[in-house]
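In what follows, a structure is listed as structure tokens, so that the remarks can point back to it.
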Amino acid sequence: MQRAPWILLAPFLALFILTFILPILSAVATSFTSVQRQGLFGEDGITNSFAGFDNYAQALSDSSFTASIGRVLLFGIVQVPVMIVLCTVLALLLESASARWPQFFRAAYFMPYGVPGVIATILWGFLYIPGLSPVLDIAGAMGLDIDFLGPDTVLWSIANIVTWTYTGYNMLIIIAQLKSIPGEIYEAARVDGAGSWKIAWSIQLPLIRPALILATVFSIIGTLQLFSEPLVLQTSSPAIDSQYTPNLSAYTNAFAFNNYGIASAQAVIIALAAFVLSFAFLAIVNRTSRADKEGA
Amino acid sequence: MTTTLRPPSDATPNPNPASDPAVDIAPAKHRGNTVGVGSSRTSTIIVTGILVVVAIYFLVPIYYVVIAATKTTEDLFATNGFLLAPTFNLWENLRLVFTYDGGIFVRWFMNSVLYAGVGALLATYFAAAGGYALAKYEFRGKNIVYGTVLGGVLVPGTATALPLFLLFSQMGISNTYWSVLIPSLVSPFGLFLCRIYAQASVDNSVIESGRIDGAGELRIFHTLGLRAMTPALVTVFLFQLVGIWNNFFLPLIMLADSKLYPITLGLNNWRSQVDRLPEFYQLTTGGVLVSIIPLIVAMIVLQRYWRGGLTDGAVKG
């Protein structure tokens with residue numbers, strides 16, 4: 001009888017071990033290893049030796065890599081809240097009685113989620129490139145000189161692409177949760193004389209909290225993985241170097257420099273950062289909700 | 001982080017998608033549910049105005065590529081990007097897309113269908129079996145297994161991709177269909193959703209009566225369990241389908257042979273050649289247009305099945 005759960009779990013677990021556990025263990029192992037090549041081009045063989053924290057020290061003392069971490073943190077601090085606010089407002093508006101044609105708008109906003117990040121970046125890239133972009137033509141005609149791909153602006157041009165892609169998806173999750181609020185709660189609130197703002201603030205927002213938390217955690221993880229957007233924009237924006245984001249840095253180290261030790265250390269740092277930030281966010285959220293409950 | 005059991009009332013099995021409550025009954029339920037105070041004429045105009053402006057933002061890039069795909073490379077630079085050019089070159093561009101390099105575009109598209117379709121189907125089945133086992137059985141090691149998989153939800157996919165490439169290289173399966181397909185078969189988030197859903201919707205007494213009827217444990221899962229979990233399975237399938245279809249990092253790392261490319265990698269390959277060979281502009285705009293049409297249709301059709309409500313109580317503050 002107790003064999004049944006293991007049989008059911010076996011395919012998932014086998015694949016999970018192969019594609020999650022083993023790679024993580026090997027990344028950790030590789031990150032503590034350094035490779036010495038004997039001879040000028042390594043023709044006399046290669047030896048691996050234990051390197052302690054050398055790779056980590058080297059990764060963290062590389063100013064380009066630390067700058068890339070700072071860059072995605074800045075990106076996340078701005079883009080994640082903007083997107084969460086935007087998708088919440090859109091969900092509340094679409095679910096309000098004032099919205100006309102909510103089905104059409106819902107579909108229009110959700111659609112970009114089906115467009116892969118690479119293709120979204122190609123699309124927006126056309127709108128960013130001088131000479132191709134009608135947006136720049138219009139801005140130019142109005143006397144505005146905009147550079148979407150300059151060193152100060154390109155990060156926010158990327159943020160725009162990410163926001164464009166994921167806002168509708170997060171909005172749909174929030175709408176699903178809004179729809180699960182029983183009608184009686186609204187009626188009771190209205191009987192008590194609560195207006196639209198009051199209902200949104202004290203009934204809808206608290207009840208969609210779990211969806212907002214989940215969306216935020218996934219957005220934090222997604223932000224740390226930023227890769228395909230800067231990679232695709234790289235050819236049209238000289239401001240993006242090969243270490244623009246942590247992931248791009250790890251990719252460059254592994255495939256351009258064949259330095260798997262450093263690349264693995266960077267991959268481990270990215271994963272740890274995702275863990276720490278996700279748990280820190282959940283801890284803050286838990287503490288404030290407990291404080292709320294005690295206060296109430 | 002606690003998981004709570006919530007009867008999945010907003011995700012009940014629905015045999016007839018056309019009568020999906022979220023779509024059909026919505027207007028009626030809507031009126032009852034919504035914030036009725038603001039339904040005056042002025043607020044309707046303001047709210048709808050905001051929604052229209054936002055819709056323009058979401059639709060502009062799509063509109064742009066529809067227009068761009070009808071132009072020659074020359075016109076692409078010479079004419080206004082939001083207006084049609086005098087020469088309507090759409091059919092020639094599409095012919096180029098489908099015939100270039102022996103029809104490689106069709107092959108990329110079919111590769112994406114293979115990776116995403118097969119990957120999502122099997123991933124959903126494996127996640128369902130695992131989630132059901134964790135929800136419906138008591139056994140030693142259960143909590144360790146669940147905790148580990150839950151940790152997997154938080155591991156960025158790109159952090160495992162690099163070491164996975166090294167591992168697959170040693171096994172000799174990098175640069176094969178398997179190298180993209182195998183990692184696509186695992187969805188820790190899917191297992192997590194399936195467990196929550198199985199706990200709430202698969203009735204223990206139904207399982208017991210199945211046992212009394214002499215059905216084996218696997219048979220009970222395949223008949224009773226899977227049926228009760230159908231709404232969750234649809235969500236997991238769609239989530240995984242889009243995830244695999246949109247994945248770029250994994251195939252980029254794994255694949256060197258352009259015949260194995262999914263559509264994302266293939267189109268990026270075309271785009272990266274525009275600086276040297278301007279005719280690739282026509283290929284890229286045409287290819288992008290063709291590739292997003294099925295996705296747009298799929299999103300419009302599928303959004304009603306997207307039960308984000310499944311995540312209710314998943315992360316409770």
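The values are calculated or read from the model by the stated rules, or taken from the named source; none is laboratory data. Here the structure is a predicted model, which means the values were calculated and not measured. So basically every Cβ, Gly included, is an ideal-geometry build from the backbone, and we count neighbours across all protein chains shown. SASA here: full protein model, heavy atoms, side chains in, ligands and nucleic acids out. Shrake-Rupley method; radii C 1.70, N 1.55, O 1.52, S 1.80 Å.
Residues of segment A:256-277 include none that is at the interface with chain B (Cβ under 8 Å from one of its Cβ atoms) and touching a Gly at 6+ places or on another chain (Cβ under 6 Å).
A count restricted to segment B:61-79 and to residues that are surrounded by fewer than 17 Cβ atoms within 10 Å (Cβ to Cβ) and facing another protein chain (nearest Cβ under 8 Å) stands at 1.
Looking at the structure I just gave you, is residue A:188 open to solvent by less than 40 Å² (accessible area, probe 1.4 Å) and either free of Cβ contacts under 8 Å to residues at least 24 places away in the same chain or in a helix (DSSP H, G or I) (or both)? The answer is no for residue A:188. Among the conditions (1) surrounded by 21 or more Cβ atoms within 10 Å (Cβ to Cβ); (2) within 7 Å of chain B (Cβ to nearest Cβ), the only one that residue A:134 does not satisfy is (1). In this structure, residue A:114 does not satisfy being facing chain B (nearest Cβ under 7 Å) and surrounded by fewer than 19 Cβ atoms within 10 Å (Cβ to Cβ).
In the set A:90, A:127, A:123, only one residue is facing chain B (nearest Cβ under 7 Å), open to solvent by less than 10 Å² (accessible area, probe 1.4 Å), touching a residue at least 24 places away in the same chain (Cβ under 8 Å) and not in a loop (DSSP other than H, G, I, E, B); that residue is A:90. Out of B:181, B:164, one residue alone is open to solvent by less than 30 Å² (accessible area, probe 1.4 Å) and facing another protein chain (nearest Cβ under 8 Å). It is B:164.
Taking segment B:266-296 as the region of interest, how many residues are of a type in the set (Val, Ile, Thr) and at pLDDT below 85? Count: 2. Can you spot a residue in segment A:276-289 that is assigned to a helix (DSSP H, G or I), open to solvent by less than 30 Å² (accessible area, probe 1.4 Å) and at pLDDT 85 or above? Checking segment A:276-289: at least one residue is assigned to a helix (DSSP H, G or I), open to solvent by less than 30 Å² (accessible area, probe 1.4 Å) and at pLDDT 85 or above. In the set (1) away from every other protein chain (no Cβ under 12 Å); (2) in contact with a Lys or Arg (Cβ under 7 Å, 6 or more places away or on another chain), the condition left unmet by residue B:135 is number (1).
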